[in-house]
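The values are calculated or read from the model by the stated rules, or taken from the named source; none is laboratory data. Keep in mind the model is a prediction, meaning the values are calculated, not measured. As a convention, Cβ positions derive from the backbone with ideal geometry for all residues, glycine included, and neighbour counts pool all protein chains shown. These area figures cover heavy atoms from the full protein model, side chains too; ligands, DNA and RNA do not enter into them. Shrake-Rupley method; radii C 1.70, N 1.55, O 1.52, S 1.80 Å.
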Amino acid sequence: MAISIVRYEEAHVEAVKRFNARLAAAGETWRFPERTQSRWLPDDAGEEIVEHYFVAVDGEEVRGGYVLKWQPFWTSNGLQKVCTLYLPLSEGIINPAFKLLGLTLVRDALKRNALAFCLGMGGAARPLPQTLKMLGWQVHDVPFYYLPLRAGPFLKHLRPLQTRKPVRLVAHIAAATGLGALGLGVMKAFRRASSVVRAAVSFEQVDRFDAWADDVWLAARDAYSLCADRSMTSLNRLYPRGDGENRLVLVREGGKVTGWFVARSRAMKTHKYFGDMRVGSLIDGMALPGHETAVCWAARCFLDHCGSDIIVCNMQHAAWREGMRASGWLSGPSNFALAASPKLAAAVGEPYATRVDKAHFLRGDGEGPTHL
């Protein structure tokens, strides 16, 4: 019987559970949702930003599935409906009989909307982005930025420092004697925004996006070759009031609103990179053109005030990357990739390699910052 890919319905739930059980029995950690409606972005009447679930049905069984998030994006052709493709999960990862199903899932998604992208995926070298690259997608890593803020937890818990005994011993001595804190303090003193920016910037946490978000969006969007709609309505859909993890912060310079950001600060537990550190993350933001450094500096200060031991961010747009550097963030290797479908790459404009530097992607885009 031929496999058909259809919208996920209640009649498929038990088959999805069996599919997940087969993955688990084979030692895989991936799971497809065992509910038919998104909790984050349900397909409610009148909503533009929604998630749709699709499953690959083979008789009485489900052999895979994927998720599409529909969202308006600003492109070189104005506002267009773009889809984020994520969790393309196939039984082919455990059963060679279905080894081509992954490609079928991607092609099916493009039939529903050819303007599509994937984000994250563990980096451009991983199997999914490499497969997308073979299908003609544009694939590259989104630059990564970080900054340790508290020497003790950083030296004791950062996993790469713990893998070799001599390095681990030196790190623990530096933490115990205060040498690490001294060195970090000197580094932070030199790696900070200019005195002009520091004197002008103020910020405050708010509970929702208001008209000021529309003002910033309308003034900034022409500076981007590709950017999710960051109007007040879209932002309040993505970051609803009452979500305790997302911190919405308004940024001013000299009393004037020049941008905003969304951040998280979470205590990790045996994380594969960060151990038991409290990790702060800048996950979204927008600024008036030329004011990106102020928002990056404000995010750094805010996450420091939250008690973060280390702060992290992935940032695509060239002006924002300069803002990260100018406000003292460090750059490091990235495991967060952007893959743009051929038609979406064309919508960014030519030459793509240059135009994509004006695309705006952070960890809040795509499937959202659920993994942070």
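Taking the helices alone, the chain has a mean residue ellipticity at 222 nm of -9500 deg cm²/dmol, built from -39,500 (n - 2.57) per DSSP H run of at least 4 residues and averaged over all its residues.
Sorting the segments 134-140, 321-327 by their mean number of nearby beta carbons within 10 angstrom, highest to lowest, gives 321-327, 134-140. Suppose the Debye formula is applied to equal point scatterers at every Cα of segment 219-312; what is log10 I(q)/I(0) at q = 0.14 Å⁻¹? Treating every Cα as an identical point scatterer, log10 I(q)/I(0) equals -0.57.
For segment 250-361, the calculated P(r), taken from all Cα-Cα distances in 10 Å bins from zero up to the bin holding the longest distance, is 13, 39, 31, 15, 1 percent.
How large is Rg over Rh for segment 189-234, taking Rg from the Cα atoms and Rh as the Kirkwood inverse mean of 1/r across Cα pairs? The partial results should precede the final answer.
Details: Rg = 14.5 Å, Rh = 13.2 Å.
My calculation of the ratio gives 1.10.
Where does the chain land on the Kirkwood hydrodynamic radius, alpha-carbon pairs, in angstrom?
Its Kirkwood hydrodynamic radius stands at 22.0 Å.
Along each principal axis, taking the top coordinate minus the bottom one, the Cα set of segment 22-142 gives 45, 34, 23 Å in descending order. Average accessible surface for the chain: 45 Å² per residue, computed with a 1.4 Å probe over protein heavy atoms with every protein chain in place. Relative contact order for the chain: 20 percent, from Cα pairs under 8 Å spaced at least 6 residues apart, divided by residue count. Solvent-accessible area assigned to carbon and sulfur over segment 226-372 amounts to 53 percent, based on a 1.4 Å probe. Measuring between alpha carbons in the structure, the pairs from Lys69/Lys272; Lys17/Lys343; Lys17/Lys111 lying more than 30 angstrom apart are Lys17/Lys343. To the nearest ten degrees, helix 101-112 and the longest principal axis of the Cα atoms of the chain are 80 degrees apart.
Build a GNM of the chain with springs between Cα atoms under 10 Å apart, and of Ala213, Ala199, Ala263 the one that fluctuates most is Ala199.
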